[in-house]
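S.K.: Below you will find the structure I want to go over with you.
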Amino acid sequence: MRTQIAIIGAGPAGLLLGHLLHRAGIDTIIIERQSADYVLGRIRAGVIEQEAAELLDASGLGKRMHAEGLVHHGIELAFDGDTYRVDFKKLIGKHVVVYGQTEVTRDLMEAREGFGGQSVYSAANVAIHDIDGASPSITYEKDGVTHTVECDYIAGCDGYHGVSRKSVSKSAITEFERVYPFGWLGLLVDQPPVTEEIHYAHHERGFALCSLRSPSRARYYVQVENGEKVEDWSDERFWDELRARLDPEIAGNLKTGPSLEKSIAPLRSFVAEPLRFGRLFLAGDAAHIVPPTGAKGLNLAIGDVKLLSEAMIEHYADKSEASLGVYSEKALERIWKAERFSWWMTSFLHTFPETGPFGRRIQRADFEYLIGSTAAQQSLAENYVGLPFA
């Protein structure tokens, strides 16, 4: 089998790359180790930066996002019950769109099926070959048969645990990582959200987040120590802990119900450098991970894919390697800025036992400085709604 671009991973990064390249007449195949149902069943964040939403819209993917997504012009921050709204529209004239990553994935899958793009799901033993030569290839097993895909380039969009980054020699890659001493216990419920906008709360018991997926479906999180197990958290225990961390008025308006999904996500910051290894390019979670506090994971993947697709389109249209040659440098510049913001939001809002009372007073000073400074609010707003892709 022969294609121009072989893409490993059918998450939003891989599917969007395939979509953008198809629109430019470039042939792709997507290889995914999980089933399509498994990919669609993954619950992920749902805040899309304005420029990312505009890219999806311009690519013909925005119809359902416009119909079902929620435009938000700000967020709420709370510190021990003191609440302040950061008004994005007033500060910088921009917004974000609340639209679940699962829904973005569904839209991309349906679009790919619509144009007849080739996707292989449940591919076992995926392996990458000859990335330093002129003819790289991928092998995989499907239904007991080994298949080979020859291509011009390989895009590794298969996430943090995928084969793409692991196929690179350790001497050729540098990895930067911070693992946080806590995770997020998340619960999805079919009840109206308790707040109209996303509500971030710092409390001495730990961080809490009130988010939403639609006017009738909410997603809530509480900070838990590493090592906690989901099965130890009944719905009742979760709701009690969430109420304890929220302002009493908000807690009193909370509508509870049986959880549709409940899981614990560990938090880490991670970046791999560089993002190109011969004919292999990394994008999305294969290249970087951010804690979800800053709502940057999906948006960083979209930014990577925009750069990489433009470079590949230029290569085939103009026979030029120029943009491919600087993809890694340009992508990493934006990645590190998003990593900084996500780290800051995480450090600002979570409880760190090792920092003690001094650390909490510093966080309180950060909160008071923020609510008293237009410049500080503008900085938060421009990072939250997304730095320019260019």
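Read-outs: derived from the displayed coordinates by stated rules, not from any lab. Predicted model, so just to flag it, every value in this text is computed and none were measured. Cβ sites come from the backbone with ideal geometry, for glycine too, and all protein chains shown count toward neighbours.
S.K.: Just how many % of Cα pairs in the stretch 1-84 lie over 16 Å apart, if you round to the nearest whole percent?
M.R.: Of all Cα-Cα distances in the stretch 1-84, 66 percent exceed 16 Å.
S.K.: Starting from the 7 Å offset along Cα-to-Cβ, what nm value, one decimal, do you get for the label separation of R340 and F115?
M.R.: Modelled inter-label distance: 3.6 nm.
S.K.: Let me ask another. Using a 7 Å offset from the Cα along the Cα-to-Cβ direction at both A134 and Q378, what is the distance between the two label points in nm, to one decimal?
M.R.: 5.4 nm
S.K.: Structure shown: which of K229/K255; K142/K166; K142/K319; K63/K94 lie over 27 Å apart, alpha-carbon to alpha-carbon?
M.R.: In this structure, K142/K319 exceed 27 Å between Cα atoms.
S.K.: Over the chain, with a Gaussian network built from C-alpha contacts below 10 Å, which listed residue (L260, L300, L16) shows the highest mean-square fluctuation?
M.R.: L260
S.K.: OK, next. State which helices in the chain qualify, where a helix is a whole DSSP H run, it must extend 15 Å or more along its own axis by its Cα atoms, and its mean Kyte-Doolittle hydropathy must be at least -1.0.
M.R.: Span-like helices, by this rule, are 12-23, 101-115, 297-318, 322-349, 356-372, 374-385.
S.K.: Among Q377, S342, F358, which residue has its Cα positioned farthest towards the positive end of the charge dipole of the stretch 312-390, with +1 placed on the Cβ of Lys and Arg, -1 on the Cβ of Asp and Glu, and the dipole taken about the Cα centre?
M.R.: So the residue furthest toward the plus end is F358.
S.K.: While we're on this one: What whole number of Å gives the distance from the Cα centroid of the stretch 40-97 to the Cα centroid of the stretch 221-279?
M.R.: Comparing the Cα centres of the stretch 221-279 and the stretch 40-97, I get a distance of 20 Å.
S.K.: May I ask you to work out the translational diffusion coefficient for the stretch 238-390 at 25 °C, viscosity 0.890 mPa s, via Stokes-Einstein with Rh from the Kirkwood sum over Cα pairs, reported in whole µm²/s?
M.R.: The calculation lands on 133 µm²/s.
S.K.: So for the chain: antiparallel DSSP bridges make up what percent, rounded to the nearest 5?
M.R.: Given both bridge residues lie in the chain, the antiparallel proportion sits at roughly 75 percent.
S.K.: Using a simple spin-label model with points 7 Å from Cα along the Cα→Cβ vector, what separation in nm is obtained for E354 and K255?
M.R.: Each label point is offset 7 Å from its Cα along the Cβ direction, giving 4.2 nm.
S.K.: Looking only at A331, A67, A244, which one moves most when the chain is put into a Gaussian network model with springs between Cα atoms under 10 Å?
M.R.: Comparing A331, A67, A244 in a Gaussian network model of the chain, the most mobile one is A67.
S.K.: Going out from 0 in 10 Å bins, what whole percent of all Cα-Cα distances in the stretch 115-185 drops into each bin?
M.R.: 14, 41, 27, 15, 3
S.K.: Can you give the extra length, in nm with one decimal, that the chain gains between A317 and R44 once fully stretched, where that is 0.36 nm per residue apart less the Cα-Cα distance?
M.R.: Extra length available between A317 and R44 comes to 94.7 nm.
S.K.: By its C-alpha gyration tensor, with a ≥ b ≥ c as the square roots of the eigenvalues, how is the stretch 62-186 shaped: rounded for a/c under 1.5, else prolate for a/b larger than b/c, else oblate?
M.R.: Prolate, since a/c reaches 1.5 and a/b exceeds b/c.
S.K.: Taking N as the number of residues in the stretch 1-150, what is its alpha-carbon radius of gyration divided by 2.2 N^0.38 Å?
M.R.: Computed over Cα atoms of the stretch 1-150, the ratio equals 1.30.
S.K.: Please quote Rg/Rh for the chain to two decimal places, taking the Kirkwood radius as Rh and restricting both calculations to Cα atoms.
M.R.: 0.98
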